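Working notes, structure below.
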Amino acid sequence: MANPLPTVQLDSAPGIYVLTLEPNQGPMVVLDEALIGRIEASLTAFPQDAAGMILASGSPRVFVAGADLKQIEGLDGPGLERYLAFGQRVFGMISRLPCATAAAINGAALGGGLELAMHCDGLVAARAPMRDGQPGKPYMIGLPEAGLSICPGWGGTNLMPARMDAREAIQRTAEGRPMSLDEAVAARFIDVLAPSAEGLIPTAAKWLREHGSAALAVRRDGFPSRWIGRSASRSAAMAAIIEVQDDLPKTDAAAAVVRAVRAGLEQGWPGALEVERKELNRLRYTDAGRSAIRAFFEKSAKK
């Protein structure tokens, strides 16, 4: 098994541990198979008597930039199926922890990175730190996959609509249109905004102390505490998918998002994950998927 990521207990909040995702591509955190393996090792070894877990990033620039598209592109069909299923299983381990959890978002949280965060009970964020006396550059939060003519693969289609207006969430996911942090706060997607980057971890610990009991009231069944199949979100999601489907782009990616949302509502969490795996695997072989991913790599190489 891979080496666990650093897990440190907070002196200021006994019993609450911070699990830090270490940068693995320069200063960035990207979800490749090796990092997911280290997350698995960390969650396997996580203290069972913990009062709370904060998922944080060791990158000063991003929370998690997303999944490793180069790895995804290089896998064959069965390989990608295994990779996606592995991530789904490991992320689900967060939902089985016996303590409440919060993601401490300090920078861009996109694609798989946001899906990982949304497996936590709470989302706590801070604006980018000041630089040279000026506010840090605003960062983005969201699921941009449909903009690359693919779809989320780790539950995002069923997670985002449970944390904000379901219609807007489905529309943004189907369009691949992330939010700025300020938009995410206004949409109440973020549970609490920390007063500063330095105050992010203390704010997350405070959220866990104040809201942990309510989070644990949701059965730890391996499904995220906030997804559209829970009674608190189900009726809104059912109404939203009916209202919004005719307004969505007429693309394969948008249709895949709709199928995954419907699968969650009709077949449950495992059904939603299965549809996401199959659709992502299918879409990355389409002409639109290949072209969009290739264009993404070319654009990134010029930066």
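The values are calculated or read from the model by the stated rules, or taken from the named source; none is laboratory data. In this text, all values refer to a predicted model and were calculated from it rather than measured experimentally. Because the Cβ atoms are built from the backbone with ideal geometry, glycine has one as well, and the counts that use them run over all protein chains shown.
For the stretch 123-138, a residue qualifies if it is more than 21 Å from the chain's Cα centre (by Cα) and small (G, A, S), and the qualifying residues are G133, G136.
Given the criterion within 15 Å of N158 (Cα to Cα), of a type outside the set (D, E) and touching a helix residue (DSSP H, G or I) at 6+ places or on another chain (Cβ under 9 Å), identify the matching residue among A215, A232. It is A232.
So which of A214, A255, A194 ends up being of a type outside the set (F, W, Y) and in contact (Cβ under 8 Å) with a residue 40 or more places away in the chain?
Numbers: A214 fails: in contact (Cβ under 8 Å) with a residue 40 or more places away in the chain; A255 fails: in contact (Cβ under 8 Å) with a residue 40 or more places away in the chain.
A194 is the lone residue from the list that is of a type outside the set (F, W, Y) and in contact (Cβ under 8 Å) with a residue 40 or more places away in the chain.
Residue pairs whose Cβ atoms lie under 6 Å apart, separated by 6 or more positions or on different chains, with the first residue in the stretch 110-121 and part of a loop (DSSP other than H, G, I, E, B) and the second among the acidic types (D, E) and modelled with pLDDT of 95 or more, are G111/E145.
Assess whether G222 counts as being assigned to a loop (DSSP other than H, G, I, E, B) and closer than 21 Å to E266 by Cβ. Judged against the criteria, G222 is a match.
Which count do you get for residues in the stretch 33-46 that are out of contact with any strand residue (DSSP E or B) (no Cβ under 6 Å at 6 or more places or on another chain) and crowded, with 18+ Cβ neighbours inside 10 Å? Walk me through how you get there before you give the answer.
Here is the first cut: in the stretch 33-46, the ones out of contact with any strand residue (DSSP E or B) (no Cβ under 6 Å at 6 or more places or on another chain) are 33-41, 43-46.
Checking the rest, the ones that are also crowded, with 18+ Cβ neighbours inside 10 Å come to 35-36, 38-40, 43, 46.
Residues in the stretch 33-46 being out of contact with any strand residue (DSSP E or B) (no Cβ under 6 Å at 6 or more places or on another chain) and crowded, with 18+ Cβ neighbours inside 10 Å: 7 in total.
In the set (1) in contact with a helix residue (DSSP H, G or I) (Cβ under 9 Å, 6 or more places away or on another chain); (2) of a type in the set (A, V, I, L, M); (3) in a helix (DSSP H, G or I), the condition left unmet by I242 is number (1). For beta carbons closer than 6 Å, sequence separation of 6+ or different chains, a first residue in the stretch 1-23 that is within 16 Å of A34 (Cβ to Cβ) and a second that is basic (K, R), the qualifying pairs are A2/R38; L5/R38.
Can we say Q71 is at pLDDT below 95 and touching an Asp or Glu at 6+ places or on another chain (Cβ under 8 Å)? Write out each step before concluding.
Details: at pLDDT below 95: yes; touching an Asp or Glu at 6+ places or on another chain (Cβ under 8 Å): yes.
Answer is yes for this residue.
Taking helices (runs of 4 or more DSSP H) as the structural unit, those lying wholly within the stretch 139-215 and holding at least 1 residues that are modelled with pLDDT of 95 or more and among the basic types (K, R) correspond to 166-175.
Just to be sure I understand, how many residues within the stretch 173-231 are touching a His at 6+ places or on another chain (Cβ under 6 Å) and of a type in the set (A, V, I, L, M, F, W, C)? Explain how you work it out, then say what you get.
Initial filter on the stretch 173-231 (touching a His at 6+ places or on another chain (Cβ under 6 Å)): 224.
Still in the list and also of a type in the set (A, V, I, L, M, F, W, C): none.
Total meeting the criteria: 0.
Residues in the stretch 263-303 that are more than 19 Å from the chain's Cα centre (by Cα), of a type in the set (V, I, T), assigned to a helix (DSSP H, G or I) and modelled with pLDDT of 90 or more: none. May I ask you to list the residues in the stretch 122-138 that are in contact with a strand residue (DSSP E or B) (Cβ under 6 Å, 6 or more places away or on another chain) and part of a strand (DSSP E or B)? Of everything in the stretch 122-138, those that are in contact with a strand residue (DSSP E or B) (Cβ under 6 Å, 6 or more places away or on another chain) and part of a strand (DSSP E or B) turn out to be G122, L123, V124, A125.
For D76, the criteria (1) under 17 Å from the mean Cα position of the chain (by Cα); (2) more than 21 Å from I201 (Cβ to Cβ) hold in every case but one, which is (1).
Just one residue in the set D76, D11, D68, D49 is out of contact with any Phe, Trp or Tyr (no Cβ under 6 Å at 6 or more places or on another chain), surrounded by 16 or more Cβ atoms within 10 Å (Cβ to Cβ) and either within 26 Å of A214 (Cβ to Cβ) or not aromatic (F, W, Y) (or both); that residue is D68. One residue stands out among those in the stretch 166-186 that are without any contact (Cβ under 8 Å) to a residue 40 or more places away in the chain and surrounded by fewer than 17 Cβ atoms within 10 Å (Cβ to Cβ): the one that is farthest from the chain's Cα centre (by Cα), which is A186.
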